[in-house]
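Accompanying notes for the structure given below.
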Amino acid sequence: MKLGIPRERHEGERRVAATPETVKQLAGLGLDVLIESTAGDSAGCSDHDYVQAGAQMVPYLNSCELDVLAHVRPLETATAKALKRGAVTIGLASPSSELATVQALADAGVTSFALELVPRISRAQSMDALSSQALVAGYRSVLEAAIRLPRFFPLYMTAAGTVPPARVLVLGAGVAGLQAIGTAKRLGARVSANDIRPASADEVASMGGTFIRLDLETAEASGGYARELSADRGALQRELLAPHVAQSDVLITTAAVPGRRAPLLVSRQMVQGMRPGSVVVDLAAESGGNVEGCVPGEDILVPTADGQGHVTVVGLKDAPSAMASDASRLYAKNVANLLALMIRDGMVIPDFDDDVLAGACLTHDGAVRHLPTAEALAALVPAPPTLASEASDGGAL
């Protein structure tokens, strides 16, 4: 069976869905691996390394000849339509925002697996691309903040005087948030964090951070994800966080609700209450942003309330791609491990009795299997006319 690895064409995307290491793994399982020339260049994977690992390099992939297509960014609708019936795709699909592509995959009879849908169970941890890429993004967010902050992160005691450590506040203690906490702590900052899931307190402490407790309702959904607070509770959360934000030199926000717009955690007024020179990094910028007024891929200067300077609000975009080598290393392994579950004697045959494969499946045999996505697509279809409206139309004629 032919497995294709494309050169990612989304602007700013530098990752690749296979590395020489995973090519060896998949070729050893009996797949013929075809990779578009230069697909791995930005991730430090040369065409020569792929060939040495057992892949065949091609100038362009012919989608209609592939049995399996592994990708990073969601597929374009045209690519989905070009795949042959029964083909299998694996990658990030962003089903809530790429409904046209999902419908195209279903119409083409493609069996697609969305890595966002991989169940959060112990057996699936090695296939959890959201977690592996969040690890990279959390690390990168601290580096971006450190570059822009006009101060040291660590404490320095010198003959010329003492430099106090920077104060870093992290909102959201998922994988990205915990990595940000650990990275900022290793750089010597004084780190505190908040999350609306009370179980996060121990995890924050284990990374060396101080957990900020707010008087809010528990907000943990199934699978360990956070669920969105009600409007009044969200306003209370911002009110309680305001003094902590004001005391911070660096604020990093990482909160996300799967399949939904990112919750607003920080208002413009809260940003203006920070000290001049402070930095805000919003990791959720691409999904709506946790910080009011952030723009993905841009630095916005917000004047402070005292008029003495400004705060830099960074709408971080393509954070994992900024560290394409290790991000690809982890992502490619997620893809290969999920694909390995389906391979029997060199053939890719998904077993939907497997909870991991059943949970990650987006489309199969002409149907959308992920219920929330199917419902979203159904909502786009106009309702058929009622008998009354038909009669009315007939009378008008």
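The values are calculated or read from the model by the stated rules, or taken from the named source; none is laboratory data. Quick caveat: nothing in here was measured; it's all calculated off a predicted structure. Every residue, glycine as well, gets a Cβ built from its backbone with ideal geometry; the counts of neighbours run over all protein chains shown. Ligands, DNA and RNA are stripped out before the accessible areas are found, and what is left, the full protein with its side chains, is counted by its heavy atoms. Shrake-Rupley method; radii C 1.70, N 1.55, O 1.52, S 1.80 Å.
A few notes on this one:
- Tabulated pairs, the stretch 334-360, first farther than 22 Å from Val23 by Cβ and in contact (Cβ under 8 Å) with a residue 12 or more places away in the chain, second open to solvent by less than 10 Å² (accessible area, probe 1.4 Å) and assigned to a helix (DSSP H, G or I), C-beta under 6 angstrom, 6+ apart or interchain: Val356/Ala124
- Residue in the stretch 226-245 that is under 24 Å from the mean Cα position of the chain (by Cα) and modelled with pLDDT of 95 or more present: no
- Residues of the stretch 367-397 satisfying the condition of being at pLDDT 95 or above and surrounded by fewer than 17 Cβ atoms within 10 Å (Cβ to Cβ): Ala367
- Candidates Ser112, Ser131, Ser126, filtered to the one that is touching a Cys at 6+ places or on another chain (Cβ under 8 Å) and either within 23 Å of Phe352 (Cβ to Cβ) or not acidic (Asp, Glu) (or both): Ser112
- Residues that are closer than 19 Å to Val110 by Cα, open to solvent by 10 Å² or more (accessible area, probe 1.4 Å) and either among the acidic types (Asp, Glu) or not in a helix (DSSP H, G or I) (or both) within the stretch 35-70 comprise Leu61, Asn62, Glu65, Asp67, listed in sequence order.
- Residue within the stretch 122-140 that is more than 24 Å from the chain's Cα centre (by Cα) and more than 30 Å from Asp351 (Cα to Cα) present: no
- If you check Gly109, Gly86 for being at pLDDT 95 or above, out of contact with any Lys or Arg (no Cβ under 9 Å at 6 or more places or on another chain), in a loop (DSSP other than H, G, I, E, B) and surrounded by fewer than 21 Cβ atoms within 10 Å (Cβ to Cβ), only one passes: Gly86.
- With respect to the conditions (1) over 26 Å from Pro372 (Cα atoms); (2) without any contact (Cβ under 8 Å) to a residue 60 or more places away in the chain; (3) among the small types (Gly, Ala, Ser), Gly40 lacks only one, and its number is (2).
- When Val313 is tested against the conditions (1) free of Cβ contacts under 8 Å to residues at least 60 places away in the same chain; (2) surrounded by fewer than 16 Cβ atoms within 10 Å (Cβ to Cβ), the lone failure is (2).
- Taken over the stretch 89-108, the criterion of being within 21 Å of Ser131 (Cβ to Cβ) and in contact with a helix residue (DSSP H, G or I) (Cβ under 6 Å, 6 or more places away or on another chain) is satisfied by Ile90, Leu92, Pro95.
- Where Asp351 falls short, out of the listed (1) in a helix (DSSP H, G or I); (2) more than 30 Å from Ala285 (Cβ to Cβ): (1)
- Among strands (runs of 3 or more DSSP E) entirely within the stretch 142-182, having at least 2 residues that are open to solvent by 50 Å² or more (accessible area, probe 1.4 Å) singles out 156-158.
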